[in-house]
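Input: a single structure, listed below in structure tokens.
All of the numbers you see were taken from the coordinates with simple rules; none came from a lab. What you are looking at is a predicted structure, and each value in this text was computed from that prediction instead of being measured. Quick reminder, even Gly has a Cβ in these numbers, built from the backbone with ideal geometry, and neighbours come from all protein chains shown.
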Amino acid sequence: MLRTNTCGELNSNNIKQTVTLCGWVQKSRDLGGMTFIDLRDRYGITQLVFNMETNKELCEQARKLGREFVIKATGVVTERSNKNAKIATGDIEIMVDELSILNVSKTPPFTIEDETDGGDDLRMKYRYLDLRRNPVRENLILRSKIGKVTRDYLDSLNFIEVETPVLIKSTPEGARDFLVPSRMNQGQFYALPQSPQTFKQLLMVAGFDRYFQIVKCFRDEDLRADRQPEFTQIDCEMSFVSQQDILDTFEGLMIELFKKVLHVDIPKLPVMTFADAMEHYGNDKPDIRFDMKIKGFTPPLSKGEGVAELVKGRGFKVFDDAESVLAICAKGAASYTRKQIDELTEWVKRPQIGATGLVYMRWNDEGLKSSVDKFYNEDDLKQWAELCGAEKGDLILILAGAEKKTRKAMSELRLEMGNRLGLRKQGDFKCLWVVDFPLLEFDDESGRWHAMHHPFTSPKPEDIHLLENNPGAVRANAYDMVINGVEVGGGSIRIFDKTLQAKMFDLLGFTPEDAQAQFGFLMNAFEFGAPPHGGLAFGFDRICSLFGGSDSIRDFIAFPKNNSGRDVMIDSPSEIDKKQLDELGVSVK
Ligand code: ASP
């Protein structure tokens, strides 16, 4: 090694030792006859000292070093008179007596500090400089650690990591494929995998029993903070298991990750049905860090115990005409001012939320008061309060309209109130399983059924008889793991019977010929002794961002793409020259 130590490890135990360090010049200061340089590497910062009196030539050389120069310095570890408790090496400094410049640097386009002056675009263009900054590097170290703990855990349970191909045929995860033209098979295209779904199932047919892979997946979708066109999954599959076995195995992984990476003990995960999640939280990925469940004046989705008469038939047209009237109780928010409520009303009316208005009732020292007092007396309001579990000091917020839209809007309002009341605390982790998803969902646009998870998901055996006449009521052996309102993973028990799989394709609108052409390989494999199997995939980037306390997965990817799917550093995607296109047999309009 060119160095004896790193810039993060020397302390008072090393005093009097002669050491050699290598790194980047973070900062340099001239004070009287001395020059101080903060030398940085991946491990930390160490202060170098040059003295004009004892070594003028060396000190003058040090004074010429620019920011981000790469240097090698040899000297003696000395106790600092001015200690810095903020850094690990803050008790010592190096009195340098040999210095060499390993490389010079242009002045970087932004400061390489924790709080940088560089905007997003600039930092992405010079991502290699951005990656020199502590917070970004720490995110990637966290990512590496999560990968390591995952591998160790799965290895200890006999999982085998198997790589699956990247140039494949379309996989049906419901997004658009990225395509790659084949030069050797002109006019034909590979698709990049949206997931290794069919391959991992084939590995089960092959008898691998327990598979995993930390693997890149590709989906050509519009991007958001928690989406990238290429992202990473912890992809897993097991044979001879029940749904419960899978839940146990993979909540074990999550418990291990929390323990080893964040040093947090989380309990066994509670299980909530999809129907309950929708009813109480309006959402299949509920944030259960706070309660504030949705209450229905109209019959809830699963039970018929609505109390419509509390709101309907009193002359208030909005409630009379509404399919659903839903409420939440914001604890302690009765002190909300008129202005705050007006602001909330504007908030729910934004197109993204889409409510037509907001009704409220507050319970403060003056008693119960609502925005619709014209139609309802105090007795009614008392019953509203009772239904919502409200006490003095609380604020009830009510939305009304079409069921699906209103429940979704209420789910958003609940999360917003959770934010405003500080109930969605960073560092508080609440994990759960959501189970019993519907097998299918009806897509109004195409006018047909779609697989809610993917077409290989097994219906619950007790619901199979409904497939023919009431497909929407069929539940799947499918599950999602949700943490703090984020879906971090999901999977299912698979169909492993050719006839049922063919029936599923039929329901999804595939002709037998289409199904054979696209998935014949899997159905054929099912004829050679396919074991019962199931699995799941975690969004690796999402777990990283959740553990790192950020909403953006981009911060945890070394070289991410921007919102237009561009890598601005390497300038990709880019045009291809004519010769290359001709070779591929591709023409571009
Ligand atoms: N392939 C699925 C996905 O990417 C996960 C699974 O079913 O195992 O969502």
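Points to keep in mind about this one:
- Spatially, segment 320-389 and segment 184-203 are offset by 52 Å when compared through their Cα centroids.
- Pairwise centroid distance, computed over Cα atoms, of segment 239-278 with segment 28-64, Å: 53
- Taking other residues whose beta carbon is less than 12 angstrom from the beta carbon of GLY490, and scoring Lys, Arg as +1 and Asp, Glu as -1, yields -3.
- Relative contact order (percent, whole number), segment 164-242, Cα cutoff 8 Å, 6+ residue spacing: 28
- Straight-line cross-link reach from LYS498 at under 28 Å between alpha-carbon atoms covers these lysines, not counting any fewer than eight positions away in the same chain: LYS169, LYS200, LYS460.
- Residue (of THR107, SER446, ILE483) at the positive-pole extreme of the chain, dipole from beta-carbon charges: THR107
- Share of pairwise Cα-Cα distances greater than 26 Å in segment 53-180 is 57 percent (whole percent).
- With semi-axes defined as the square roots of five times the eigenvalues of the C-alpha gyration tensor, the equivalent ellipsoid of the chain measures 51, 37, 23 Å, largest first.
- Cα gyration tensor shape of segment 138-243, rounded if a/c is under 1.5, else prolate or oblate by comparing a/b with b/c: oblate
- Relative contact order (percent, whole number), the chain, Cα cutoff 8 Å, 6+ residue spacing: 13
- Its DSSP H runs of at least 4 residues, each contributing -39,500 (n - 2.57), put the calculated 222 nm mean residue ellipticity of the chain at -8000 deg cm²/dmol, to the nearest 500.
- Inter-label distance for PHE442 and LEU167, nm, one decimal - labels placed 7 Å from Cα along Cα-to-Cβ: 4.4
- Residue order, fewest to most surrounding Cβ atoms within 10 angstrom, among SER105, SER492, SER550, SER195: SER105, SER550, SER195, SER492
- Shown is the FRET efficiency for SER552 and GLU527, computed with R0 = 45 Å from the Cβ-Cβ distance and rounded to the nearest 0.05: 0.50.
- Diagonalising the gyration tensor over the Cα atoms of segment 118-191 and scaling each eigenvalue by 5 before taking the square root yields semi-axes of 32, 26, 11 Å, largest first.
- Fewest neighbouring Cβ atoms within 10 Å first, the residues MET34, MET124 line up as MET34, MET124.
- Note: segment 457-525, Cα convex hull, 116 Å³ per residue.
- For trypsin sites (Lys or Arg not before Pro), no site in segment 107-156 is both called loop by DSSP and has at most 13 other Cβ atoms within 10 Å.
- Cysteines in the chain lacking a second Cys C-beta under 4.7 Å: CYS7, CYS22, CYS59, CYS217, CYS236, CYS431, CYS544
- FRET efficiency, LYS83 to ASP120 (Cβ-Cβ, R0 41 Å, nearest 0.05): 0.65
- Rounded to the nearest 20, the size of the Cβ-charge dipole of segment 404-500 about its Cα centre is 440 debye, with Lys and Arg at +1 and Asp and Glu at -1.
- Seen from ILE101, the other residues with C-beta closer than 10 Å to its C-beta sum to a net charge of +2, counting Lys and Arg as +1 and Asp and Glu as -1.
- Computed from the alpha carbon atoms alone, the convex hull of segment 439-589 holds 213 Å³ per residue.
- Lysine pairs within segment 296-392, Cα separation less than 22 Å, 8 or more sequence positions apart or different chains: 21
- Over 26 Å (Cα to Cα) - which of LYS216/LYS260; LYS125/LYS579; LYS259/LYS408; LYS285/LYS404; LYS16/LYS83; LYS148/LYS268 fall in this group: LYS125/LYS579; LYS259/LYS408
- Sites GLU366 and VAL264 - FRET efficiency at Förster radius 45 Å, r taken between beta-carbons, to 0.05: 0.55
- Positive minus negative residues near ALA476 (Lys, Arg vs Asp, Glu; Cβ under 9 Å): 0
- Computed log₁₀ I(q)/I(0) - Debye formula, equal Cα scatterers, no solvent, segment 327-475, q 0.10 Å⁻¹: -0.53
- In terms of surrounding Cβ atoms within a 10 Å radius of their Cβ, SER587, SER12 rank from fewest to most as SER587, SER12.
- Global form of segment 515-574, assessed from the alpha-carbon gyration tensor, a/c cut-off 1.5: oblate
- Cα gyration tensor category, rounded, prolate or oblate, for segment 13-85 with a/c compared to 1.5: rounded
- If the segment from TRP347 to GLU513 were pulled out straight at 0.36 nm per residue, it would be longer than the present Cα-Cα gap by 54.8 nm.
- The length gained on full extension between GLU403 and LEU140, counted as 0.36 nm times the residue separation minus their Cα-Cα distance, comes to 90.4 nm.
- Directionally averaged shadow of segment 318-358, computed from the convex hull of its alpha-carbon atoms, nm²: 3.5
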